[in-house]
Amino acid sequence: MLKKKNNIFYGTVIKKKMKKTATVIIKRIVKHLIYGKFIKKITKIHIHDENDKCKIGDLVLIKSCKPISKIKSWNLVKILR
């Protein structure tokens, strides 16, 4: 799992069905420790979008924060595209 203390990540919005909440995926590439092969890993998280500005397909900058609800502990910082 990702460390959540003051982390900033880029992600893509894939769902926008709740008020002030969006679902974002973070894609990353990790090298396997034994075999050396590169593996694609995807993490799906929920972010808090106070003004409901992001849309599906947007590239967003997100930052970890204290838990806002049961599923949300990330804030929207900026919409990049």
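For every residue, the table says whether it meets (1) at negative phi; (2) surrounded by 11 or more Cβ atoms within 10 Å (Cβ to Cβ); (3) touching a His at 6+ places or on another chain (Cβ under 7 Å); (4) modelled with pLDDT of 95 or more.
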| site | (1), (2), (3), (4) |
| --- | --- |
| 13 | yes, yes, no, yes |
| 16 | yes, yes, no, yes |
| 27 | yes, yes, no, yes |
| 44 | yes, yes, no, yes |
| 52 | no, yes, no, no |
| 58 | yes, yes, no, yes |
| 65 | yes, yes, no, no |
| 70 | yes, no, no, yes |
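Taking every residue in segment 10-24 that is free of Cβ contacts under 8 Å to residues at least 40 places away in the same chain and of a type in the set (Val, Ile, Thr) and pairing it with any residue that is in a strand (DSSP E or B) and surrounded by fewer than 17 Cβ atoms within 10 Å (Cβ to Cβ), at least 6 positions away or on another chain, the pairs with Cβ-Cβ distances below 7 Å are 23/14; 23/15; 23/44.
Listed by first and then second residue, the pairs linking a residue in segment 39-65 that is more than 11 Å from residue 24 (Cα to Cα) and without any contact (Cβ under 8 Å) to a residue 12 or more places away in the chain to a residue that is surrounded by fewer than 14 Cβ atoms within 10 Å (Cβ to Cβ) and among the aliphatic types (A, V, I, L, M), with Cβ atoms under 8 Å apart and 6 or more places separating them unless they lie on different chains, are 39/29; 39/30. Residue 74 satisfies every condition listed in (1) touching a Leu at 6+ places or on another chain (Cβ under 9 Å); (2) within 19 Å of residue 15 (Cβ to Cβ) except (1). For segment 33-67, a residue qualifies if it is under 11 Å from residue 20 (Cα atoms) and touching a strand residue (DSSP E or B) at 6+ places or on another chain (Cβ under 6 Å), and the qualifying residues are 46, 47, 48, 49, 54.
The values are calculated or read from the model by the stated rules, or taken from the named source; none is laboratory data. All values reported here derive from a predicted model rather than from experimental measurement. So basically every Cβ, Gly included, is an ideal-geometry build from the backbone, and we count neighbours across all protein chains shown.
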